[in-house]
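The structure under discussion appears below in the form of structure tokens.
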Amino acid sequence: MTDQSAGQCGPRPPGNPDGFERLWVPHRMAYVDGDARPADSTPEDCPFCAAPQRDDVEALIVARGERVYALLNLFPYNPGHMLICPYRHVPDLNDLDEAEAGELMAFSRQAIRAIRRAKAPRGFNLGMNQGAVAGAGISAHLHQHVVPRWTGDSNFFPIVAHSRALPELLGATRAAIAAVWEDPEC
């Protein structure tokens, strides 16, 4: 063993160093490991197909459209982390018809406006992960993530206390965003 292959506390773990720092989020392991991860192979066991059949408050639905709806992520990265989902069970953006794609984008834009009004974030991450290999936790039902961001919103609670600092309950976040969703000023 050479000095380069040994760390201060013993041998280095396998793999090549790449110069990236890592911020671990162990609170999500229940989801990643499958303990709380829903099945998504068919519309019958898909949580995004089931949510619209439930009460808005119970399902964390913020708003409903004709072709898509917005709900809070049950495993949020930040308060206000919203998902925009088509009602139709499709896995790929190219499976949406033009009306669905248009309403999905309109709802994404409205989500940003409503979250800005309700929570005053400094920025947003938006994105879709299509396919399990691309990181989609529920790959059979397309969904757009709208994640509000604040300066310094990453913290070390997940690492040192196995906790995530979310300053309010999901129901309170849902109520605050839903209250301004239809506001003409939004």
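The values are calculated or read from the model by the stated rules, or taken from the named source; none is laboratory data. Worth saying up front: this structure is predicted, and the values here are computed from it rather than measured. Virtual Cβ from ideal backbone geometry, glycine too; neighbours counted across all protein chains shown.
Below are the figures for this structure:
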quantity: Residue within the stretch 113-120 that is part of a helix (DSSP H, G or I), of a type in the set (Gly, Ala, Ser) and in contact (Cβ under 8 Å) with a residue 60 or more places away in the chain present; calculated: yes
quantity: Ile84 being among the β-branched types (Val, Ile, Thr) and in a helix (DSSP H, G or I); calculated: no
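Per-residue answers, yes or no, for (1) crowded, with 16+ Cβ neighbours inside 10 Å; (2) modelled with pLDDT of 95 or more; (3) more than 14 Å from the chain's Cα centre (by Cα); (4) not small (Gly, Ala, Ser):
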site	(1), (2), (3), (4)
Asp95	no, yes, yes, yes
Gly102	no, yes, yes, no
Phe107	yes, yes, yes, yes
Val133	no, no, yes, yes
Gln144	yes, yes, no, yes
Ser154	no, no, yes, no
His162	no, no, yes, yes
Ala176	yes, no, yes, no
